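Shown next, in structure tokens, is the structure this report addresses.
The values are calculated or read from the model by the stated rules, or taken from the named source; none is laboratory data. Nothing here was measured: the structure is a model prediction, and the numbers come from that model. Because the Cβ atoms are built from the backbone with ideal geometry, glycine has one as well, and the counts that use them run over all protein chains shown. With ligands, DNA and RNA removed, areas are computed over all heavy atoms of the protein, side chains included. Shrake-Rupley method; radii C 1.70, N 1.55, O 1.52, S 1.80 Å.
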Amino acid sequence: FLSSFLIVILFLEIFTRLFYPQNLQKYWTEQEKKYGLEVNKKNYFHKLHRFKNNSASYTFGKFNNRNTLKNNNLNNLNKILVLGDSFAFGYLVEDEKTFVHKLQLDNLNYNFINVSVGAWGTSQYTLFTELNCKEIQPKKIFVILNTDDAFRGYNSGLFKLTNDGELKNRKVVDRKLNEETDFEKNIPLYKFLKSNSHLFMLLRNVIYDLKVKPTYNPWSKDRYWPRPNSNFDNKISEDVKNFNFKIFLRLNEISKKCKSELIIFYSNWATPSMMKNSNPNKLFLENAENFFKKNDIKYFKNYSEMKNLYNNPMKYIIDIDFHPNSKGAELIYNSLKDNVAKVLKD
């Protein structure tokens, strides 16, 4: 009986590995030591990231950047530093379908260094540039601004606005991304099976999904900050706006010291008019165009090019997850490509 049982388990393990492999690796990010900024791991290959029926693999280079094009000739070209969140990273999107990869293919006379990380915001963009711009030496810096980035930057704790209106760096609390869980510490073989058995991880994920069913919400204003159970007053919105004006002035100053040109592209996943008045990002986005114009920072928002998203949003997102699927990535690419080509000719 034991022999038969082991044979069945072995067969199921092989079957799972071949036809429905699971992610056996820990997360692909880590915290840099000085300030605790979350970055992609350098020179790292994440074999498989899976969510439901969606999967992708990620390769990272020496600048904590996602590499989607294996071309050594790019190393000798002028660099474009791309800063963004999970949308620009290409979360659960295969290499060749990410919009940054497609922009790279259109502009092979530049080397796109995409260092984007999920849940990054304006403070993360600024701090990464501050820490790495001299090493990377980009010709231009692209910020792919997303809907929640202003509040994320404000809420990150990476910068503090002092009483005299200056921004001060702060070290954030260590998130212990790779720390052992209680199950790994207390259940024999649990950690080993998580790292080595596709069958075990499949069963674990199925049990988790049955116990904690993912919340499914159709596209709505509640998709954006604040979530339905959150409330923000007008004071927070004003603080978020003023904080982000300071952040972008600092990022622009860092860019100039690095002899780089800063350019902002709003990914237009939501227009300010779609957001509730209690959304702490709304006030900043409503005033962003005038602010960037006043401070001579190039800023592009292509609402008309994103109209298909607003007409039928569920077509362009990963079910339940809400990140852009390959069609959503294509939509963002089409909204950006002409302006990207324009600024690279300047």
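Among Lys257, Lys97, Lys168, whose mean-square fluctuation peaks in a Gaussian network model of the chain (Cα, cutoff 10 Å)?
Lys168
Let me check against my output: what whole-number percent is the relative contact order of the stretch 1-62, with C-alpha pairs under 8 Å and at least 6 apart?
RCO, the stretch 1-62: 23 percent.
Highest first, please rank the peptides 201-207, 63-69, 133-139 by the mean number of other Cβ atoms sitting within 10 Å of their residues.
Ranking the peptides 201-207, 63-69, 133-139 by packing returns 63-69, 133-139, 201-207.
Can you work out ³J(HN,Hα) from phi for every residue in the stretch 73-81, in order, using Karplus 6.51 cos²θ - 1.76 cosθ + 1.60 and θ = phi - 60°, giving whole Hz and x for Gly and Pro?
Here the 3J(HN,Hα) series is 5, 5, 4, 9, 9, 4, 9, 10, 7 Hz.
Just the number please: accessible area per residue for the chain, 1.4 Å probe, all protein chains included, in Å².
53 Å²
Which GluC sites (Glu not before Pro) in the stretch 146-201 pass both tests, a DSSP loop state and at most 16 other beta-carbon atoms within 10 Å? Numbers along the way, then the final one.
Numbers: sites: Glu166, Glu179, Glu180, Glu184; in loops: Glu166, Glu179, Glu180.
When the GluC sites (Glu not before Pro) of the stretch 146-201 are filtered for loop state and at most 16 Cβ neighbours within 10 Å, Glu166, Glu179, Glu180 remain.
Could you give the distance between the Cα centres of the stretch 289-346 and the stretch 35-89, to the whole Å?
What the calculation gives is 20 Å, centre to centre.
Let me see the P(r) profile for the stretch 23-78: every Cα-Cα distance counted, bins of 5 Å, each bin given as a percent of all pairs.
4, 17, 23, 20, 16, 12, 6, 1
Please list, ordered by chain and number, the residues whose modelled amide H lies under 5 Å from the amide H of Asn114; skip anything fewer than 5 residues away on the same chain.
Arg66, Val82
Could you tell me the convex hull volume per residue, in Å³, taken over the Cα atoms of the chain? Walk me through the numbers before you get to the answer.
Working: hull volume 55.1 nm³, N = 346.
Dividing the Cα hull volume of the chain by its residue count gives 159 Å³.
Could you work out the relative contact order of the stretch 275-332? I mean the mean sequence separation of Cα pairs under 8 Å and 6+ apart, divided by the number of residues, in percent.
That works out to 19 percent.
Could you give the length gained on full extension between Phe5 and Asp321, defined as 0.36 nm per residue of separation minus the Cα-Cα distance, in nm?
Length gained, Phe5 through Asp321: 110.1 nm.
With charges set only on the Cβ (+1 for Lys and Arg, -1 for Asp and Glu), what does the dipole of the stretch 74-171 come to about its Cα centre, in debye to the nearest 20?
Result for the stretch 74-171 is approximately 280 debye, rounded to the nearest 20.
Compute from the Cα atoms of the stretch 290-346 the Rg and the Dmax, the latter being the longest Cα-Cα distance, and quote both in angstrom.
14.1, 41
With N set to the residue count of the stretch 92-137, report its C-alpha Rg divided by 2.2 N^0.38 Å to two decimal places.
So the stretch 92-137 has a normalised radius of gyration of 1.33.
So for the chain, averaging the separation of alpha carbon pairs under 8 Å that are six or more residues apart and normalising by length, what relative contact order in percent results?
It rounds to 18 percent for the chain.
Take each of the peptides 242-250, 32-40, 189-197, average the number of other beta-carbon atoms within 10 Å over its residues, and list them starting from the highest.
So the peptides 242-250, 32-40, 189-197, ranked by packing, come out 242-250, 32-40, 189-197.
On the protein heavy atoms, probe 1.4 angstrom, tell me the percent of accessible surface of the chain carried by carbon and sulfur.
The value for the chain is 52 percent carbon and sulfur by accessible area.
Using the Kyte-Doolittle scale, which helices in the chain average at least -0.5 and also have C-alpha atoms spread 27 Å or more along the helix axis, with helices defined as whole DSSP H runs?
Within the chain the helices that satisfy the rule are 326-345.
Across 5 Å bins from the origin, how do the percents of Cα pairs in the stretch 219-346 run, short distances first?
Binned Cα distances yield the sequence 2, 10, 16, 18, 19, 17, 12, 5, 1, 0.
In debye to the nearest 20, how big a dipole does the stretch 281-335 give about its Cα centre with +1 on each Lys and Arg Cβ and -1 on each Asp and Glu Cβ?
200 debye
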